[in-house]
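Notes follow the structure.
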Amino acid sequence: VKGDTDEVEHGTGTYGSKSTQIGGSAAAAASEEVVERAKQLAGEQLETSPEDIVLDAALGRFHVAGAPARSVSWPELAGRAAADGKLAELKASHNFAGAPTFPFGAHVAVVEVDVETGQVELQRLVCVDDAGNLVNPLIAAGQVHGGAATGASQALYEQFVYDEDGNPLTNTFVAYAFPSAADLPSWDVVEMETPTPLNPLGVKGIGESGTIGATPAVHNAVVDALAPYGVRHVDLPANGENVWRALQEAKA
Amino acid sequence: MTRIAVTVNGSRQEADVEPRQLLAYFLRDGLGLTGTNVGCDTSSCGACTVLLDGESVKSCTVLAVQADGGEVTTIEGLAPGDELHPVQQAFHEQHALQCGYCTPGFVLAAVSLLAENPSPSEDEIRHGLEGNLCRCTGYHNIVQAVQAAARAGS
């Protein structure tokens, strides 16, 4: 179901990294209700009280407590319900409005600066981003990878430049510096899960975590590398000419 | 208009093209093979990468007439039958794609890289894929996927 207002009564966009927290919590509550409704139907189909119906989630079957042979699978249940004109009884709808959660973390960057040319190489970025319970650790790590690259790129490469008349000068990749795989290292991602008490799934958001930590970590690393030369600040992108100028000003 | 004959994904295609038409647009608009993507105007991003006579090329920087008499492999032609090509399979398993826009270009560039260098180091992979840009993945899992494909002997 994606953005179909015929199917989903209302919702907002995904901003705030809230999809799993809010949508996931609503889906979890709705699925619990569907299970309860299914038990009602299973009770009818198996001719027993719904209180005596057990769901074996691993097998995907409803059975009579203590008599596992008397059972019906999800497809069988739904098929029989559809034949009886009762499929709509398996539908549940839930809204969830939750409090904001606070993912946290820390990033550490290691850079090497060529003080003759101002060129900066990002050698290592260690990222700890706590997004609560991880529903899909592979995808969560992918989010951090992409965010780390974008954050590091903001620190070292990307800059949108206009001339005095407001004409954009960096409006193609020829002039807009965008890193390739050759310009970046692999990322050291450390998993950390502190479940939040603010929603039933204990999940927070991961989508923004990479970008938030990476830019200042890389920027600070460049300034730290140049501190022995008396540099206290380097304009972004902290690379090339901006580094060289900062060094010249510190010498003066 | 110029008459060209190009074998695309094993199938011979004859067409009249303007000499100035780029191969990328011949593939997309002429042949309906929209797996080859256009991501920039400046030969920078590599989303248009295809194989021409076995070499990876940026099809936005090749004229269709330059492919006359040649063989082109696009992303649509990579998988043998119903299974994924080992590089595609590796990209899938390693979560090396998110939005997928750069992926056809990366897969073909990786196929070409591994054909030249079957056991590349991480550094060789990163430099070998310099011509392909990605905003979603941060390249990390793309490198993992190429390494996995190399181990699988593709």
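The values are calculated or read from the model by the stated rules, or taken from the named source; none is laboratory data. Bear in mind that the values here come from a model prediction, so they are computed numbers and not experimental data. A quick note on method: Cβ atoms are made from the backbone with ideal geometry, for glycine too, and the neighbour counts reach across all protein chains shown.
Does A:ALA182 count as within 20 Å of A:GLY142 (Cα to Cα), touching an Asp or Glu at 6+ places or on another chain (Cβ under 7 Å) and either part of a loop (DSSP other than H, G, I, E, B) or not aromatic (Phe, Trp, Tyr) (or both)? Spell out the reasoning first.
On the way: within 20 Å of A:GLY142 (Cα to Cα): yes; touching an Asp or Glu at 6+ places or on another chain (Cβ under 7 Å): yes; either part of a loop (DSSP other than H, G, I, E, B) or not aromatic (Phe, Trp, Tyr) (or both): yes.
Judged against the criteria, A:ALA182 is a match.
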Legend entry - Subset of the range B:38-79 (residues that are more than 13 Å from B:CYS102 (Cα to Cα), within 14 Å of chain A (Cβ to nearest Cβ) and among the β-branched types (Val, Ile, Thr)): B:THR42, B:THR61
Inset, instruction - Please verify whether the range A:70-88 includes one or more residues that are loosely packed, with under 14 Cβ neighbours inside 10 Å, in a loop (DSSP other than H, G, I, E, B), touching a helix residue (DSSP H, G or I) at 6+ places or on another chain (Cβ under 7 Å) and at negative phi. - result: no
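Condition check ((1) basic (Lys, Arg); (2) on the phi > 0 side of the Ramachandran plot; (3) in contact with a Ser or Thr (Cβ under 8 Å, 6 or more places away or on another chain)) across all residues:
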{"residue": "B:ALA24", "(1), (2), (3)": "no, no, yes"}
{"residue": "B:LEU51", "(1), (2), (3)": "no, no, yes"}
{"residue": "B:SER59", "(1), (2), (3)": "no, no, yes"}
{"residue": "B:GLU71", "(1), (2), (3)": "no, no, yes"}
{"residue": "B:GLY77", "(1), (2), (3)": "no, no, no"}
{"residue": "B:GLY100", "(1), (2), (3)": "no, yes, no"}
Legend entry - All positions within the range A:206-246 that are touching a helix residue (DSSP H, G or I) at 6+ places or on another chain (Cβ under 6 Å), in a helix (DSSP H, G or I) and hydrophobic (A, V, I, L, M, F, W, C): A:ALA214, A:VAL218
Legend entry - Only listed residue being facing chain B (nearest Cβ under 9 Å) and either closer than 15 Å to A:GLU121 by Cα or at pLDDT below 95 (or both), chosen from A:ALA181, A:ALA177, A:ALA141, A:ALA155: A:ALA181
Legend entry - Residue list for the range A:185-197, filter: under 30 Å from B:ALA47 (Cβ atoms), outside any loop (DSSP other than H, G, I, E, B) and either touching a helix residue (DSSP H, G or I) at 6+ places or on another chain (Cβ under 9 Å) or not charged (D, E, K, R) (or both): A:VAL189
Legend entry - Residues being polar (S, T, N, Q) and facing another protein chain (nearest Cβ under 7 Å) - total across the range B:135-154: 2
Inset, instruction - Kindly indicate whether A:THR12 is exposed (fewer than 10 other Cβ atoms within 10 Å of the Cβ), under 19 Å from the mean Cα position of the chain (by Cα) and outside any helix (DSSP H, G or I). - result: yes
Inset, instruction - Within the range A:207-252, track down each residue that is among the small types (Gly, Ala, Ser) and either in contact (Cβ under 8 Å) with a residue 60 or more places away in the chain or crowded, with 19+ Cβ neighbours inside 10 Å (or both). - result: A:GLY207, A:SER209, A:GLY210, A:GLY213, A:ALA214, A:ALA217, A:ALA221, A:ALA225, A:ALA238, A:GLY240, A:ALA246
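Quick one: which of A:LEU41, A:LEU77, A:LEU59, A:LEU87 is in contact with a Phe, Trp or Tyr (Cβ under 8 Å, 6 or more places away or on another chain), more than 14 Å from chain B (Cβ to nearest Cβ) and over 30 Å from A:ALA217 (Cβ atoms)?
Just one listed residue meets the conditions, A:LEU77.
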Inset, instruction - Examine the range B:15-28 for a residue that is hydroxyl-bearing (Ser, Thr, Tyr), within 21 Å of B:LEU133 (Cα to Cα) and crowded, with 23+ Cβ neighbours inside 10 Å, and state whether such a residue exists. - result: no
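Take the range B:123-134 and flag every residue that is more than 16 Å from the chain's Cα centre (by Cα) and either buried (at least 22 other Cβ atoms within 10 Å of the Cβ) or more than 7 Å from chain A (Cβ to nearest Cβ) (or both).
Selection gives B:ASP123, B:GLU124.
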Inset, instruction - Tell me, yes or no, whether the range A:107-121 has at least one residue that is under 15 Å from the mean Cα position of the chain (by Cα), among the aliphatic types (A, V, I, L, M) and not in a loop (DSSP other than H, G, I, E, B). - result: no
